[in-house]
Amino acid sequence: MKYDMIVVGAGPAGMTAALYALRAGKSLLLIEGQAYGGQIVQSQKVENYPGAPDISGWELAEQMMNQIRALGVKLVAGNVTGIEKNADGDFLVKTDADSYEARTVILATGVGHRKLGVAGEEALIGRGVSFCATCDGMFFRRREVAVVGGGNTAVQDALVLSELCAKVYLIHRRDGFRAEERLMERLRNTENVTLLTNTVVSEMKGDGRLESLLLRNVKTDATRELFVAGVFEAVGNLPRNAAFSDLVALDPDGYIVTDRDCRTSCEGIFAAGDCCQKAVRQLTTATADGTVAALSAIEYLG
Ligand code: NAP
């Protein structure tokens, strides 16, 4: 079967694109490599999505999926390994499991977690090193843990963990934080969170499980060992668009370059959400992109 549209990625951008395409009566395949929902499923609370002032990320993702399920969305699992443009201008989308044909493609691949890249980290991922406080915080109940980063994710993670853990160290490489002031104020009023600023992690130590972090103060060069059962890395995100780099233009950081109608450099391929080159990556901008990409693709289909 040749679909009108294949959407790669079932985060908020991809699910919104699917919503618009299905409502327009287009045949559509939604491909997702992991669990649907994208990054928001890691947020215990989403407080900045208009009309839903107090909802968990997982609930919001579930509602988005239910909305497209009711329209008959076809969701398949698979990591897209490449896309070929056929002589007729249509596309063959290859995953690690199968291949699918479509007349248009919307890339909504989101972003992956940036890692710290320090000694000991790789071997301890899933053994005390985590990227999701909401998912894994429970495993560290009443223990001492650390969070690394100074953005909204790091501060939200520290707040989530402060309710579960005996003590939380928030380690940040500068003394200024990117996180919103509203979150910083909550953090400062949380007794069991200690801020370690101007500090970097230089090594993670542990025999089969994380036992400690080696820290260095970047101002004084002083080092210390911090004994924690878990470390949550929240140091930003990286795009994962390498599989499409032969077909669509990427910026030097690996984000997909689009015009304001979410068209990529390849006719028939559109992109939406955090995987695109842009200044603001938020839930609201992802869903907005999903709308624009779907409507542009529908126009292209004619
Ligand atoms: P982010 O805003 O990019 O922050 C990443 C943090 O990690 C920064 O503080 C950065 O330090 C630090 N960092 C980066 N590389 C590092 C390294 N190698 N070693 C040590 N520290 C490093 O990432 P984010 O917090 O995940 O947020 C991503 C986007 O999602 C943002 O636009 C954010 O506003 C949004 N978001 C929104 C919410 C919400 O509820 N509104 C929640 C989560 C995320 P520097 O500051 O020194 O660069």
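Taken together, the values in this text are just the output of simple stated rules run on the coordinates, not laboratory data. Quantities reported herein were computed from a predicted structural model and do not represent experimental measurements. For neighbour counting, all protein chains shown are included, and Cβ atoms are generated from backbone atoms with ideal geometry for every residue, glycine included.
Between Asn217 and Lys167, the FRET efficiency estimated from the beta carbon spacing at R0 = 30 angstrom works out to 0.95. Take each peptide in 80-87, 259-266, count the other Cβ atoms within 10 Å of every residue, and average; sorted highest first, the result is 259-266, 80-87. Inter-label distance, Arg224 to Ala77: 4.4 nm, where each label sits 7 Å from its Cα along the C-beta direction.
Every pair of different Cα atoms in segment 1-115 enters the Kirkwood calculation, which places the hydrodynamic radius at 14.7 Å. Packing here is the average count of other Cβ atoms within 10 Å per residue, and on that basis the peptides 1-11, 276-286, highest first, run 1-11, 276-286. Summarising the label geometry, the points placed 7 Å from Cα in the beta-carbon direction at Gln282 and Leu92 lie 4.3 nm from one another. Using C-alpha pairs below 8 Å separated by at least 6 residues, the relative contact order for segment 136-226 is 22 percent.
From the C-alpha coordinates alone, can you work out the Kirkwood hydrodynamic radius of the chain, in Å?
By the Kirkwood definition, the hydrodynamic radius is 20.4 Å.
Taking the Cα centre of the chain as reference, the dipole from Cβ charges on Lys and Arg (+1) and Asp and Glu (-1) amounts to some 520 debye. Evaluated over the chain, the count of Lys pairs having alpha-carbon atoms less than 30 Å apart is 26 (only pairs 8 or more residues apart or interchain). Extension gain for the segment Arg114 to Glu180, taken as residue separation times 0.36 nm less the Cα-Cα distance, is 21.7 nm to one decimal.
Computed per residue of the chain from DSSP H runs no shorter than four, each worth -39500 (n - 2.57), the mean residue ellipticity at 222 nm is -7000 deg cm²/dmol.
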